[in-house]
1. For semi-axes √(5λ) of the Cα gyration tensor in Å, the choices are [x] 59, 42, 33; [y] 48, 46, 27; [z] 58, 35, 25; which was calculated from the structure?
2. With a ≥ b ≥ c taken as the square roots of the eigenvalues of the C-alpha gyration tensor of the range 341-458, please select rounded if a/c is under 1.5 and otherwise prolate if a/b is larger than b/c or oblate if it is not?
3. Listed highest first by mean packing, meaning other Cβ atoms within 10 Å per residue, what order do 721-733, 886-898 come in?
4. Only counting other Cβ atoms within 10 Å, I'd like 848, 414 sorted with the fewest neighbours first.
5. In what order do 183, 119 fall by count of nearby beta-carbon atoms within 10 Å, going from fewest to most?
6. Using packing as a proxy for protection, rank 626-634, 528-536, 246-254 so that the peptide with the highest average count of other Cβ atoms within 10 Å comes first.
7. Classify the range 529-601 as rounded, prolate or oblate from the Cα gyration tensor: take a ≥ b ≥ c as the square roots of its eigenvalues, call it rounded if a/c is under 1.5, otherwise prolate when a/b beats b/c and oblate if not.
8. Given the peptides 210-216, 602-608, arrange them by the average over their residues of other C-beta atoms within 10 Å, most packed first.
């Protein structure tokens with residue numbers, strides 16, 4: 001969806017972005033239209049001694065980084081869509097004779113050599129290259145023929161097998177290409193206009209590969225390899241206790257290694273830095289030339305030398321053609337942490353906690369703290385683990401491996417001792433010794449440390465957990481701090497209602513919010529049944545901020561127990577700033593608003609498919625952005641799926657830092673998105689207006705975006721085009737993410753190449769399959785840009801292919817600053833820009849937020865809008881325009897039609913029958 005914000009002359013609106021001077025450019029999604037700074041003293045040791053020198057040096061360096069040179073990028077705009085009813089049927093390479101001869105070994109060698117040297121193919125598997133070679137056809141041209149023309153769309157990549165061609169740009173010859181060279185690779189990634197005209201200088205033969213075959217080979221083989229490798233890892237014994245996410249991370253980091261028959265895989269006595277899992281073939285294990293065993297598919301070796309940093313204890317020889325998955329110790333540590341065995345034990349602890357009647361009620365944070373605080377120990381067979389006459393509530397003990405014997409017989413692995421007694425504060429004692437029946441491993445923690453870890457007595461902590469979870473389910477409360485949640489919990493009161501009892505009646509004064517603990521409540525209006533709400537649902541939330549009359553009646557349907565929060569108690573907990581922000585937020589939840597309630601203030605911007613207006617509610621004086629999309633545009637750009645997906649995604653979102661969808665409408669000409677109006681400047685312009693950005697201010701921007709991505713990724717939404725142009729700094733200085741035209745629900749992996757070249761992750765460019773971690777790469781690019789004033793890859797390049805090549809090379813060049821500056825910042829940048837997607841968040845969003853760069857960063861203050869923003873945009877006043885609109889008689893249809901110069905005379909939406917494509921929209925506008 002286009003940005004619904006006011007950004008002066010730099011507004012970019014519509015389903016398809018309008019690129020303006022000075023902005024990075026973007027690749028639009030075919031599937032979504034169917035789918036510089038001076039460090040702060042506290043962070044730099046001994047800075048005062050070198051302040052003058054550093055200020056001068058940094059200023060010279062960053063001034064030379066040419067923050068404004070990115071204006072050149074506006075010529076890179078790439079659109080992966082077109083009007084389906086007016087595109088010309090241009091046949092590429094129309095003058096060629098196309099054949100599919102059997103390729104000789106020389107042909108194969110020429111093609112393979114060219115592919116290997118080309119950045120786009122160099123990282124592909126041999127199997128993928130072979131598939132592509134097999135699908136290539138031979139294109140034969142006579143001298144003086146046009147292969148393709150500049151600005152013409154294309155889908156073919158060529159390798160010159162014989163002859164010579166000339167490259168012409170804007171009528172001028174700029175190069176010649178000969179046998180063994182290639183051209184047209186951009187067409188394999190996207191449906192982009194050709195950058196040059198190619199003419200044959202001699203009779204020529206080319207091997208040609210089309211985009212469809214390329215994407216199919218890359219996507220299908222990667223998906224198949226991923227699933228196959230995942231199954232192997234799942235069935236590898238030492239990894240069976242890992243979580244799915246950890247196994248997935250391992251697969252992403254593993255490399256394929258091939259060994260010929262009789263070749264040595266590992267050698268006795270050598271140091272070991274690789275662990276292997278056999279994918280195909282067989283191998284023999286020998287020690288001092290004596291056979292010990294044999295390995296076959298799915299079996300692993302080398303882990304002992306890897307885990308314990310010892311030399312190889314045996315020699316492994318390939319008996320036949322052997323393919324192995326391999327992983328280094330360094331990579332294993334990055335993915336799983338130091339000590340695989342310890343990690344497996346911790347995963348076992350987690351599994352036991354989730355299976356426990358009591359401990360599964362702990363919060364995620366309490367669970368993590370408990371696992372972190374627990375000691376793990378190994379004990380030999382016959383050890384007395386718990387002596388007789390010990391209080392059962394004295395310790396919490398997890399049996400991780402082996403068996404115990406006690407008063408009730410055998411105790412097997414993953415059983416927990418002492419949990420019920422600690423929870424119930426029992427004084428029972430063990431009547432006899434608890435003894436190890438075999439070598440065992442246990443996790444253990446004392447009762448005192450357990451309660452200290454979870455924050456108090458179990459019953460109190462778990463009770464608060466449930467209440468906090470319920471409070472967070474109320475969108476109104478999502479931005480509160482932990483301290484404020486605790487204050488609200490203390491103020492909540494428990495009330496009970498019998499069957500048929502009225503909780504409140506329509507038009508009663510509204511003074512309280514209700515959250516249902518048990519039972520069901522019927523909501524009625526004017527005697528008519530509207531809906532029912534049940535356990536963990538809430539109702540009456542507007543009364544927390546507004547003492548307006550109840551708009552409906554609530555009646556108990558059976559016995560009902562509710563938590564009640566009164567307005568006076570709530571207002572005593574929060575401050576005026578939070579109250580103001582919550583009031584603004586709840587005003588955006590008005591589902592009763594109608595088009596007739598609105599007046600158009602002015603045009604905000606036009607996109608290729610949509611027009612956005614500033615609108616005002618005639619009575620409440622609330623401002624909105626109204627985006628209109630004509631049915632003709634939906635038809636011509638085949639936007640049915642994209643419109644539906646965008647709406648579905650926006651309906652899922654209710655975050656402080658995300659533009660909120662208020663309501664949607666439709667009539668016989670258009671559909672309409674009514675959204676929150678974000679008045680401000682886009683982040684692209686803000687970071688240039690600020691000139692220098694300190695680390696503190698960069699943390700504010702990066703941290704805010706991290707909170708946004710955390711919310712999106714929890715909902716399995718990948719944004720896929722994160723960049724400064726898609727973020728608005730509002731009139732209070734806080735960030736708002738806008739424009740969800742590229743976003744997508746991703747469960748598993750997707751393969752579409754889209755985004756903005758300078759911010760695209762390597763796996764997007766290669767089309768090897770990706771998920772939401774691509775957004776973290778884009779965030780890493782933005783963090784670099786905030787601190788150093790330029791993007792690390794392709795800052796001044798106008799050719800997307802050149803940018804892609806630099807992204808895939810990943811050669812990050814920092815400005816010339818002292819080594820002890822930006823140390824933690826560089827570490828986080830390197831992590832976010834890791835080529836391995838699974839390493840970018842360090843395990844999960846909570847771990848990422850605990851990175852040392854964020855030390856002393858108050859996440860609660862940021863999300864509750866109480867942190868002081870680094871920049872408040874200076875905006876022109878619009879009060880006079882609003883008053884003029886309110887005092888003028890308007891016909892909204894005429895105002896919108898006046899801006900729709902594209903509408904085709906005679907277009908009939910009934911003839912097009914477009915509603916049948918968007919059945920989910922019926923009755924929702």
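1. Label [y] holds the value from this structure.
2. In terms of gyration-tensor shape, oblate.
3. In descending order of packing, they fall as 721-733, 886-898.
4. If I rank by nearby Cβ atoms, fewest first, I get 414, 848.
5. If I rank by nearby Cβ atoms, fewest first, I get 119, 183.
6. Result, highest mean first: 626-634, 246-254, 528-536.
7. Verdict is oblate for the range 529-601.
8. 602-608, 210-216
Since every read-out is calculated from the coordinates, none of them should be taken as a lab result. Owing to the predicted nature of the structure, the values given are computational and were not obtained by experimental measurement. So basically every Cβ, Gly included, is an ideal-geometry build from the backbone, and we count neighbours across all protein chains shown.
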